[in-house]
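Report on one structure; see the data block that follows.
Computed from the coordinates by the stated procedures, all read-outs in this text should not be read as laboratory data. For clarity, every value in this text was computed on a predicted model and none was experimentally measured. Every residue, glycine among them, receives a Cβ derived from its backbone with ideal geometry; neighbour counts consider all protein chains shown.
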Amino acid sequence: MKKIFGILLSILVLYVIYYDLTVGTLPTSSPQTVDAKVEKIAPAAESDLPSFDAKVKPGDTVISIVEHKINKSLPVSIGDLIKDFQTLNGGKSPEKIQIGSTYHFPDYSK
């Protein structure tokens, strides 16, 4: 009895794997659309803080964009970077940046 149960279970597992690889289990009949909102930001606030503009690409973070611009690791603390980013972008939170939008980033290259 145990052998029959084991054989039936093996056949079921193989069938499920075959079905998943050939037909798939995720629906693909309807195309999915993503509503992306591109925000235009106001010019940088009057500040003596040097900055540059950059468009956010998928996978970018505020830290990665600034480090890529200055070609070295971040010379200030993350708290200072967040504060400077919010100052330049009218209080916009760095966690809520959107792909495709352009923001002002603090320039620490000098």
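Worth a mention:
- Residues of the range 85-110 satisfying the condition of being assigned to a helix (DSSP H, G or I) and out of contact with any Ser or Thr (no Cβ under 8 Å at 6 or more places or on another chain): Phe85, Glu95, Lys96
- Subset tally (residues that are within 20 Å of the chain's Cα centre (by Cα) and either part of a loop (DSSP other than H, G, I, E, B) or touching a residue at least 40 places away in the same chain (Cβ under 8 Å) (or both)) for the range 57-72: 9
- Pair list, Cβ < 9 Å and 6+ apart or interchain, from the range 74-94 residues that are within 21 Å of Lys110 (Cα to Cα) and touching a residue at least 40 places away in the same chain (Cβ under 8 Å) to residues that are small (Gly, Ala, Ser) and surrounded by fewer than 15 Cβ atoms within 10 Å (Cβ to Cβ): Thr87/Ala45; Thr87/Ser47; Leu88/Ala45; Leu88/Ser47; Asn89/Ala42; Asn89/Ala45
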